[in-house]
Amino acid sequence: MAEDLVLDTAIRDWVLIPLSIVMVLIGVLRYFVSKLMRSTQVPDGKIVKEGQVIVRARNLRAAANFIPPKSFRARRAYFSNEENGLLHVPKGQAQNPQAQMFSDPNMAMDMMKKNLSMIIPQTLTFAWVNFFFSGFVAAKIPFPLTQRFRSMLQNGIDLSTVDVSYVSSRSWYFLNLFGLRGLFSLILGEDNATDDAQRMMQMSGFGFDPTKNLGAEKDGLDIVQHEWALPKFEQRAEAVLRKLVS
Amino acid sequence: MVTKTEESQLNKLENQVDNGGGGAWEYLCLARKLKVRRSDKVLKYGLSILNDSRKRSSLGSDEWTLYEQVAVAAMDCHALDVAKDCINALQKKFPESKRVGRLEAMLLEAKGSWEDAEAAYSSLLEENPFDQVIHKRRVAIAKAQGNISVAIEWLNKYLEIFMADHDAWRELAEIYVSLQMYKQAAFCYEELILSQPTVPLHHLAYADVLYTLGGLENLQTAKKYYSSTIDLSGGKNNRALFGICLCSSAISQLARGRNREDKDSSPDLPSLASAALEKEYKLQASDKLSVLTSTLKCLRVSS
């Protein structure tokens with residue numbers, strides 16, 4: 001059905017704009033609350049050291065061709081030695097990062113606080129939107145959609161013949177949720193707690209797993225074939241000097 | 001290390017402020033960001049901002065960072081009373097702060113009361129064992145007292161934890177060279193080359209240490225690293241050019257009679273290096289050119 005529905009401009013004035021303004025204000029509020037509630041975290045010794053070890057191993061892998069073969073082999077042995085090499089993680093010790101996270105009370109509290117500060121405002125706003133702004137068409141999406149989106153975008157509209165492009169305010173809420181991230185980074189600076197989408201992505205790839213990183217670095221280091229690049233430099237220096245002198 | 005563009009920007013700002021055109025605050029911010037050590041300028045311009053109460057209030061909350069920066073610069077210039085005033089102001093504002101505690105311990109160190117400073121740093125470290133600045137200050141105390149072995153010990157312990165800190169590796173290398181422990185210094189320079197392979201200074205220092213260690217293999221390696229320095233610095237590094245000439249003459253002296261020719265070395269390199277040196281001297285120090293030519297002739301004759 002290609003007929004065009006005419007939407008009242010009052011919808012724009014009283015639904016779309018107030019909803020956006022409310023979401024922006026709630027985001028700003030959450031930012032300040034999270035700043036107040038943030039506790040300083042003493043860095044864990046093992047994690048700091050492991051981070052540094054990884055950086056050093058990565059440097060070794062990247063610039064391996066710049067140092068003499070003997071030194072490279074010595075360093076590689078230092079890192080991947082079976083008994084006491086830095087990158088070697090004995091099988092039994094490979095900790096399950098999830099268990100580690102929940103056993104450390106500070107970290108668990110921190111995660112709970114972050115989760116709460118994200119979930120509660122979202123839930124409340126969603127409920128508010130559903131309660132007040134349901135049952136009517138709020139906007140028209142400029143591009144055509146398939147029928148599958150009907151259940152998601154047209155929750156309060158119980159007419160099955162309305163074009164799927166006409167959506168309810170729930171979809172406007174979701175649009176704002178993901179779209180205001182850019183606006184927040186403009187207003188609040190780069191590091192703000194309202195980065196929900198980013199945080200959700202972070203949570204799905206579960207956090208800092210040092211043991212796996214170490215193992216990956218060790219494998220990478222074992223693979224490296226050392227090819228000393230320095231002999232070539234003599235020829236290159238010769239070329240440079242020839243150009244300089246001539 | 002500061003890049004060339006940043007350094008030129010800093011110098012431009014410094015000139016501007018020196019000659020009376022404003023921009024002191026931008027200069028101080030840039031100096032703080034790049035962590036350069038221009039303490040006399042920082043002290044002069046920082047104090048002029050801090051003493052003018054109008055300018056000071058216009059800074060807002062950055063005022064306290066400026067106090068910290070000026071305090072450190074004052075301690076570097078040994079203007080200890082200025083430093084004490086700044087630290088007092090900071091203490092009034094932030095009574096229980098660890099950062100201010102660190103500044104107070106630095107003031108004790110600047111005054112020369114080593115034991116008090118050491119005790120202060122140890123207590124600060126107990127609260128936060130991962131404060132890199134405090135670790136390094138402890139090493140500096142040991143070095144200033146002349147306890148080089150203690151300094152080496154502290155620095156090694158620091159590097160066991162923070163092994164990606166290339167400034168610390170550089171400091172350790174220089175200490176080892178001053179103690180003539182060249183093998184250990186070579187190891188440290190290798191670390192530096194690994195972390196920053198395109199900086200010619202590290203190649204040059206490594207080549208110097210290898211040349212000092214001596215022995216045919218080290219000399220050949222040193223020659224290679226001198227050539228990499230030349231390549232990375234575009235042929236402008238006179239020390240590397242001299243290094244090539246010295247290395248080749250030393251190698252040919254050692255290899256006389258033995259047939260261990262390095263198959264990668266190019267035979268024209270020493271002559272090219274000496275030609276480049278002569279050209280440079282002609283440009284910049286023409287009165288020393290005769291000394292240079294005679295030295296180079298000696299090196300070539302002995303080869």
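Between B:VAL199 and B:ALA119, what length in nm is gained on full extension when 0.36 nm per residue of separation is reduced by their alpha carbon distance?
Additional length available on full extension: 25.0 nm.
Report the local net charge at B:LEU30: Lys and Arg +1, Asp and Glu -1, summed over other residues whose C-beta lies under 14 Å from its C-beta.
That sum, taken over residues with Cβ under 14 Å, equals +2.
Taking only Cα atoms, what is the 0 to 90° angle, nearest 10, from helix B:148-161's long axis to the longest principal axis of chain B?
80 degrees
If neighbour count is taken as other Cβ atoms inside 10 Å, put A:VAL164, B:VAL2 in order from fewest to most.
B:VAL2, A:VAL164
Give the total of Lys-Lys pairs in segment B:126-239 with Cα-Cα distances below 24 Å; include a pair only if its members are 8 or more places apart or on different chains.
9
Ranking B:VAL177, B:VAL72, A:VAL167, B:VAL133 by Cβ neighbours within 10 Å, fewest first, what do you get?
In increasing order of surrounding Cβ atoms, one gets B:VAL133, B:VAL177, B:VAL72, A:VAL167.
Starting at 0 and stepping by 20 Å, how many percent of the alpha carbon pairs of chain B end up in each bin?
25, 46, 26, 3
Calculate the mean, over all residues of peptide B:220-230, of how many other protein chain Cβ atoms lie within 10 angstrom of the residue's Cβ.
Per residue, the number of nearby Cβ atoms from other chains is 5 on average.
Assuming 0.36 nm per residue, please report the length gained on full extension of the stretch A:THR146 to A:ASP8 beyond their Cα-Cα distance.
Computed gain between A:THR146 and A:ASP8 is 47.2 nm.
Name the long-range amide H neighbours of A:ALA139: under 5 Å, sequence gap of 5 or more, or other chain; modelled H, no Pro or chain starts.
A:VAL167
Step through the residues of segment B:117-133 one at a time and calculate ³J(HN,Hα) from phi using the Karplus curve (6.51 cos²θ - 1.76 cosθ + 1.60, θ = phi - 60°), rounding each to whole Hz and writing x for Gly and Pro.
4, 4, 5, 4, 5, 4, 5, 5, 5, 4, 6, 9, x, 10, 8, 5, 4
Just to check I understand the Karplus step: with θ = phi - 60° and J = 6.51 cos²θ - 1.76 cosθ + 1.60, what whole-Hz values come out for segment B:19-26, glycine and proline as x?
Going residue by residue, I get 8, x, x, x, x, 5, 5, 5 Hz, with x marking Gly and Pro.
Excluding A:SER134 itself, calculate the net charge of residues whose Cβ lies under 14 Å from the Cβ of A:SER134, where each Lys or Arg counts +1 and each Asp or Glu counts -1.
0
So which GluC sites (Glu not before Pro) in segment B:1-106 are both in a DSSP loop and have at most 13 other Cβ atoms within 10 Å of their Cβ?
Sparse-neighbourhood loop GluC sites (Glu not before Pro): B:GLU96.
Considering only B:ASN19, B:ASN11, B:ASN147, give the residue with the highest GNM mean-square fluctuation for chain B, with springs between Cα atoms whenever their separation is below 10 Å.
B:ASN19
Where does the protein assembly as shown land at 222 nm, in deg cm²/dmol rounded to the nearest 500, when only DSSP H runs of n ≥ 4 count, each adding -39500 (n - 2.57), divided by all residues?
For the protein assembly as shown, the value works out to -22500 deg cm²/dmol.
Just to be sure I understand the curve: with the Debye formula and one point per C-alpha of the protein assembly as shown, what is log10 I(q)/I(0) at q = 0.11 Å⁻¹?
Relative scattering, expressed as log10 I(q)/I(0), comes to -1.20.
Rounding to the nearest 10 and keeping the result within 0 to 90°, find how far the Cα-based axis of helix B:4-18 lies from the longest principal axis of chain B.
That works out to roughly 50 degrees.
To make sure I understand, if each residue's beta carbon is the centre and we count other beta carbons within 10 Å, what order do B:GLU127, B:GLU217 fall in, fewest to most?
Least to most surrounded, the residues fall as B:GLU127, B:GLU217.
Relative contact order of segment B:127-252, please, whole-number percent, based on alpha carbon pairs below 8 angstrom and at least 6 residues apart.
That works out to 15 percent.
From the phi angles alone, apply the Karplus equation (6.51, -1.76, 1.60; θ = phi - 60°) to segment B:237-245 and give each ³J(HN,Hα) in whole Hz, x where the residue is Gly or Pro.
The phi angles translate into 8, 5, 4, 5, 4, 4, x, 4, 4 Hz.
For the modelled label position 7 Å from the Cα of A:SER185 along Cα-to-Cβ, which residues of segment A:12-38 have backbone nitrogen atoms closer than 15 Å?
So the set is empty, nothing qualifies.
If I model a spin label as a point 7 Å beyond the Cα along the Cα-Cβ vector, how far apart are those points for A:MET37 and B:GLN180 in nm?
So the two model labels end up 6.5 nm from each other.
Every read-out reported here was derived from the displayed coordinates using simple, explicitly stated rules and does not represent laboratory data. The structure displayed is predicted, hence computed values, not measured ones. Heads up, the Cβs are rebuilt from the backbone with ideal geometry, glycines too, and the neighbour counts pull from every protein chain shown.
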